[in-house]
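Heads up, the thing below is written out as C-alpha cells.
Laboratory data are not the source of any read-out in this text; all were calculated from the coordinates shown. Keep in mind it's a predicted model, so treat the numbers as computed, not measured. Backbone-built Cβ (ideal geometry, glycine too); neighbour counts: all protein chains shown.
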Amino acid sequence: MMSEPTDKYIALPDEHLLRAMKQDDESAFKTLYQRYIDVLYRAAYKRLGSRAAADDAVQEVFVRFYERRHVMDQRLPVKPYLLTSLKNRILNDFRNRLIHEAHHEQIAATQATQHILQPNIDGKALEQRFRQTLTQMPEKCREVFELSRFEQLSNKGIAERLGISVNTVEKHIGKALAILRKEFNGQELVLIILYTGYNFFS
C-alpha cells in the first residue's frame, strides 16, 4: 500500500514535485498520486459507471505517468496532463471494444450467410459460372469491368489507359453489372463476393 506523503512534500507545488520525480524521488510521485487520485477517479467513474473499471483506468494512467517521468517537461501542468491521459485511455478502450464487437459481428454475419446459402449453392461451381460469364461479355466491356473491379482503377484512370472517354467507361461498367444481375440472383451474387473477395457492386 502506498504510504502517505510527508508534510514537506505536501506543501510543494507540482513543478517542484515533478522535478523531484524525474530524479526518481518516489515520495514526490506519491504526493502527486495522493493529490490527484480522487479527481481522476471521479472523472473515470463518471464516464465508465463502474468502480472496478474506473480504478483500473486511473491506476494505468498513474503507472504510465511514472514510467514517462524521465522524458516529461518539468513545467508540465500535471492535472490537465493526467486528465487528458485518462480521457485518451478511456477513448482507446471504447474504440478497441467497438472494433472487437464489430469484428465478431462481421464473422457471425458471414457464418450465418454461408450457413443459409451454401447448402443450396455450390460455391466453386458458382465462381466458375461467374468467370465464364465474364469471358462471354463483349471484349471492351469485360476489359473495362476487370480494370475497375479487379485492378481498382478509377473511371478516369481506365479512360486514360484505354484511350476512351469517362462516359464510355461508365456505360461499359453499367452494361457489365446488368449482365451479372441478369445471370445471377441476389443470393448467388452475395456468395460470389464471399468467394472471390471482390465487392464489384460497391
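Structure summary
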read-out: Partners for residue 46 among lysines (Cα-Cα distance below 18 Å; same-chain residues under 8 apart left out); value: 79, 87
read-out: Separation in nanometres of the label points that stand 7 Å from Cα toward Cβ, at residue 88 and residue 150; value: 4.6
read-out: Label-to-label distance, nm, for residues given as residue 23 and residue 131 (7 Å Cα→Cβ offset); value: 7.4
read-out: Summed residue charge, Cβ within 14 Å of residue 63's Cβ, Lys/Arg positive, Asp/Glu negative; value: 0
read-out: Segment residue 12-residue 37, extension gain: residue separation times 0.36 nm, minus the distance between their alpha carbons; value: 7.3 nm
read-out: More than 19 angstrom apart: percent of Cα pairs within the stretch 6-100; value: 41
read-out: Under 17 Å from residue 182, Cα to Cα: lysines that are on another chain or at least 8 residues apart; value: 171
